[in-house]
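The values are calculated or read from the model by the stated rules, or taken from the named source; none is laboratory data. Every value quoted in this text rests on a predicted model; they were computed, and no experiment measured them. FYI the Cβ positions are ideal-geometry reconstructions off the backbone, even for glycines, and counts take in every protein chain you see. Ligands, DNA and RNA are stripped out before the accessible areas are found, and what is left, the full protein with its side chains, is counted by its heavy atoms. Shrake-Rupley method; radii C 1.70, N 1.55, O 1.52, S 1.80 Å.
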Amino acid sequence: MGKRIKHIFIHFHPPSGMRGTTQHRTPSAPQELTPHRTHLTVPTLFISAMTATPPNLIEADGLCMHYQLGNRQVSVLRDVNLRIAAGASVAIAGPSGSGKTSLLLLLSGLERPGGGHIRVDGVDLGSLSSDGLADLRRERVGIVFQSFHLLPSLSALDNAALPLQMAGASGAREAATDMLRRVGLADRLHHRPSQLSGGEQQRVAIARALVHRPRLLLADEPTGNLDDQTAESVRELLFSLNRELGTTLVLVTHDLDFAARCDRVLRLHDGQLHEATPIGGAKPTSPQAEAGHGLPA
């Protein structure tokens, strides 16, 4: 995009009303007629706008993470590089213990890497204090866990409104009501978790994670504790909200069919991240998938 289109040539033909004012001369010898050329310089910025792709919401370079197990250091992530475009849906797959949840925790700022850098929505997580990271999550990140983590003494409405109420935002209950309606729980607003099914509790957890309209939604095995029918409804809900709200979706799952429905599938193996080949050899078709496709070297 750094190159500049120097000129565009347009053949100009005067309107019929203008032709009568032109003086015609009969040439003494036949001449080749050369069309008039109007030179237009197209700004580089305009060309960029015409072919713009979504920016990266997540950029990670050289991520490393390890745990100390007695006298032994266990490496979980080794030199992980990652780019995820805004608005994309991305699945992180891999066997148990491969570091999927650890990577999700790093992207949320709940854990800090042993090495490398992470930028979320243009913010360098390494530059933030613990309070700064909490502010970032409250304003721009939503998290859905496999366990619902609902407060049993609160209604579905109060659970969903809790992030906004803790932030002192006005209209918290109205926003929570709207989000619960979006996830299909308009008739369950005043039910407590014990009065809800597992699928309904997960929907409340999703509404709570999205009530502040975050730029990024991180989901760790969001259907892991649900039966097949309920799990499918939650999958449909996540993808529907990803499209409707434009929220970037990054999920961890063991379910390969679930993963294959995302724009991209990344696989963690031996501490490193690899772009998985889509089932059937399909290529990403959405602008978000194209913009974030491929891992940096």
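Each label was represented as a point 7 Å from its Cα along the Cα-to-Cβ direction; for residue 194 and residue 236 these points are 3.2 nm apart.
In this structure region 192-281 gives 43 Å² per residue of accessible area when probed at 1.4 Å with all protein chains present. Computed from backbone phi with θ = phi - 60° and the Karplus coefficients 6.51, -1.76 and 1.60, the 3J(HN,Hα) list for region 109-121 is x, 6, 10, 10, x, x, x, x, 9, 10, 10, 10, 6 Hz; x is used for glycine and proline. Atom-type composition of the exposed protein surface of region 49-193 places 51 percent of the accessible area on carbon and sulfur (1.4 angstrom probe).
For region 109-123 versus region 142-203, the spacing of their alpha-carbon centroids is 28 Å. For region 215-281, with all protein chains in place and a probe radius of 1.4 Å, 45% of the accessible heavy-atom surface sits on carbon or sulfur. The residues of region 68-116 expose, per residue, 41 Å² of accessible area to a 1.4 Å probe.
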